[in-house]
Amino acid sequence: MKKQRKMSACLKKFQRDPQKQYIKRFRVYPSFMYAHLDWWLKTMSLSGWHIVHCGLFIFYFEKGAPSEKEYFTYSDPVNEGYYSIQLRHPFLEKNYGVKKKKSKINANEAKAHQIVEIDLQKIDVQKDVGYKEMVSDRNRLYLRFFIRNISMILIGLAIAFGFGKLITN
């Protein structure tokens, strides 16, 4: 019952304007591929489709004027103790993000992917060292997290397979 209320609250935040055109795209971007997701969102905005809402695999875009936009994507559950994107979020939003009233994706808070539209008027994403470090930290962290999880799964399968052979012998 609680999950349904949360989900409906999430969907209520995204209100379609009947005068605008929308498309829905299905994509799978695991956390270690967030740099590719950022690039895809940027190319969509260059073609005139601006992200307004997203779910786990679904991305909603609104038709607008083609413009260059930069995005930073992260997800909630990763926290490695020494580095937490969640702790950096207020800094990210304050120093790099477009104001919530000017960016529909920044105004929507309940999402599977946390996507922040970067204000290109505030920083030069190619030259800003702090931003580049944050992107490389995110990419490194999620890749390491992915490799660790895959390793654990493979070790678990090897143990299960080896244990199964012991039982049959």
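The values are calculated or read from the model by the stated rules, or taken from the named source; none is laboratory data. Since we're looking at a predicted model, the values are computed, not measured. Backbone-built Cβ (ideal geometry, glycine too); neighbour counts: all protein chains shown. Note: areas computed on protein heavy atoms with side chains; ligands, DNA, RNA excluded. Shrake-Rupley method; radii C 1.70, N 1.55, O 1.52, S 1.80 Å.
List of remarks:
- For segment 84-112, the candidate set comprises residues that are modelled with pLDDT under 70 and not in a helix (DSSP H, G or I); within that set, the residue that is most open to solvent (accessible area, probe 1.4 Å) is Lys101.
- Residue check, Ile58 under 15 Å from Ile23 (Cβ atoms) and in contact with a Leu (Cβ under 6 Å, 6 or more places away or on another chain): no
- Qualifying residue in segment 128-149 (condition: modelled with pLDDT of 80 or more, part of a helix (DSSP H, G or I) and more than 21 Å from Phe32 (Cα to Cα)): no
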